[in-house]
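Participant: Input: one structure, supplied below.
Every number here is computed from the coordinates shown, using simple stated rules; none is lab data. Keep in mind the model is a prediction, meaning the values are calculated, not measured. Virtual Cβ from ideal backbone geometry, glycine too; neighbours counted across all protein chains shown.
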Amino acid sequence: MYKALIIILLFPFFSFSQDFKFGIELGPSVNFLRGSYQPYYTYKPEPTIKYFAGLNFEYQFTENFSLKTRLIFENKGGLISYKSIDGFDSSQGNVTRNFTYEYISIPILIKYKLGKQKRFYLTSGFSLGYLLQRRLRINYFDQYQSELIYSTSNTKKIDFGFLMGFGWDIQISEKINFTLELNNNLGLIDTSNLETYGEGDIKSNSSQLLFGFSYQFGKSK
């Protein structure tokens, strides 16, 4: 499987090297979980800041359009807080659960350049993620106690989402480009193996601020 993914990602480099860009990218992301959780908690989902880093590949097939894909390591997740209630309906204090999902992800995007100088662009496409690990940090009663749990049994291995973004390409030299991009990855499938309240689901959402450098092979169209 991994060999097939590598061949797919590197195919544009060998076949279309005259219109091909290869680079690195990284940055922070704001993440939260959407959907249902346990019915006996009055909980409040909150965003958390994670990070991502990886490689990008781009093949320009017309003056305005290009095909862009990435191979990235990214953290998704979210924060859930609620009040713990004992058997006498008395509050024991606040509890927070900080979920971190580690993924290897492959977004496949269409990029459209805007304007005469084509410095700005839009991207749209889909992202497929494979779960490597899940970390759960539980802080009990205003952080007087904490617990860290590593487990993937309660989470599905695959995440799939719709991605849209807006970016700015800055040409540093004839061959080197700097990219600044803001995008959002909206999870489309349920990522939980557990039964959820009201037969609902738990989906991911990740907004990324991307910083990237790329090297261009050949001349752009």
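Participant: Between residue 130 and residue 118, how many nm apart are label points set 7 Å from Cα along the C-beta direction?
Facilitator: Reported label-point gap for residue 130 and residue 118 is 3.4 nm.
Participant: Long-range amide H contacts for residue 201: which residues qualify at under 5 Å (H placed 1.01 Å from N, peptide plane, sequence gap of 5 or more or a different chain)?
Facilitator: 36
Participant: Which FRET efficiency value, to the nearest 0.05, is calculated for residue 168 and residue 140 with the Förster distance at 45 angstrom and r the Cβ-Cβ distance? Intermediate values should be presented prior to the final figure.
Facilitator: Working: r = 44 Å, r/R0 = 0.98.
According to the calculation, E is roughly 0.55.
Participant: Another question, then. In whole Hz, what ³J(HN,Hα) sequence does the range 167-176 give by Karplus (6.51, -1.76, 1.60; θ = phi - 60°), x for Gly and Pro?
Facilitator: Values, residue by residue: x, 9, 9, 10, 7, 7, 8, 4, 10, 10 Hz.
Participant: Considering only Cα-Cα distances, which of the following residue pairs are longer than 27 Å: 113/175; 111/175; 113/157; 68/118; 21/116; 50/113?
Facilitator: Over 27 Å Cα-Cα: 113/157; 50/113.
Participant: For residue 104 paired with residue 73, estimate the spin-label separation in nm (one decimal), with each label point 7 Å from Cα along the Cα-to-Cβ line.
Facilitator: Label at residue 104, label at residue 73, 1.1 nm between them.
Participant: OK, next. At 0.36 nm per residue, and after removing the present C-alpha to C-alpha distance, how many nm does the segment from residue 160 to residue 175 gain when stretched out fully?
Facilitator: 2.1 nm
Participant: What nm distance separates the two modelled labels at residue 63 and residue 213, each placed 7 Å from Cα along Cα→Cβ?
Facilitator: So the label points at residue 63 and residue 213 sit 3.2 nm apart.
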